[in-house]
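Some notes on the structure that comes next.
The values are calculated or read from the model by the stated rules, or taken from the named source; none is laboratory data. Fair warning: this is a prediction, and the values are worked out from it, not measured in the lab. Using ideal geometry, Cβ is built from the backbone for each residue, glycine included, and neighbour counts are taken over all protein chains shown.
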Amino acid sequence: MSPRRAQRFAALLAIAFCASAAGGTLASATLVEPLSPGQNSRLSISMPPGFAADQEVWVAYELTALPSADGGEVGLEQSFEGVMTPATAMFTTFEADDLESMDSADAGRVLVGRAVSRLPAPGTSDAPLLVSVERATGIQPLSLKVTVGQGSLPAEWQEKPQDSIAYKAGFIAGLALFGWLALRIFRRVSR
């Protein structure tokens with residue numbers, strides 16, 4: 001296979017993986033250090049063209065936080081502006097015990113977690129989704145990524161990414177591609 005064809009193949013493979021991961025996603029936004037002085041703790045996410053106001057909406061969250069005590073939680077509130085939302089769908093809570101602990105070189109221990117909420121169909125396409133970080137006890141939120149979508153939930157949100165077959169296959173394919181490219185470079189250099 002020529003280097004040009006190999007590059008095209010790698011690009012097509014990357015596009016295919018990205019397209020499958022983004023299926024059903026409508027919008028995404030990130031809050032940086034919510035609840036810190038001078039930082040914004042609220043998001044207003046406008047729905048893009050093609051949003052079906054008569055269908056249920058899923059909201060996926062990725063939280064990164066620093067633990068400041070044992071236990072603790074972060075409370076979120078979400079609803080469409082001006083649309084009645086049941087109390088059971090309005091709140092999402094991240095518990096410290098449910099978050100994955102990771103070591104960070106410069107920050108010490110970092111907590112990472114994901115959650116998915118489902119909101120009923122808003123009935124109007126011009127109502128933005130309002131998301132706010134309402135409280136944090138025992139945890140200092142560093143960032144909150146919010147992804148909004150409709151239809152079936154992408155596979156990446158249905159389980160931990162490290163456990164998914166797609167993640168493992170992508171990792172192995174990436175290693176194989178890197179090994180193949182490194183081998184080609186070393187062969188050219190040795191000639």
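Observations on the model:
- For first residues located in the stretch 26-53 and assigned by TED's automatic domain parsing to the domain that holds Leu129 and at positive phi, partners that are assigned to a loop (DSSP other than H, G, I, E, B) and among the hydroxyl-bearing types (Ser, Thr, Tyr) and lie 6+ apart or on another chain with Cβ distances below 6 Å form the pairs Leu35/Ser41.
- Within the stretch 74-88, the set of residues being surrounded by 14 or more Cβ atoms within 10 Å (Cβ to Cβ), assigned to a loop (DSSP other than H, G, I, E, B) and of a type outside the set (A, V, I, L, M, F, W, C) comprises just one member, Thr85.
- First in the stretch 142-159 and among the hydroxyl-bearing types (Ser, Thr, Tyr), second anywhere and outside any loop (DSSP other than H, G, I, E, B), Cβ under 7 Å, 6 or more apart: Ser143/Thr30; Ser143/Leu31; Ser143/Val32; Ser143/Thr64; Thr147/Thr25; Thr147/Ser28; Thr147/Ala60
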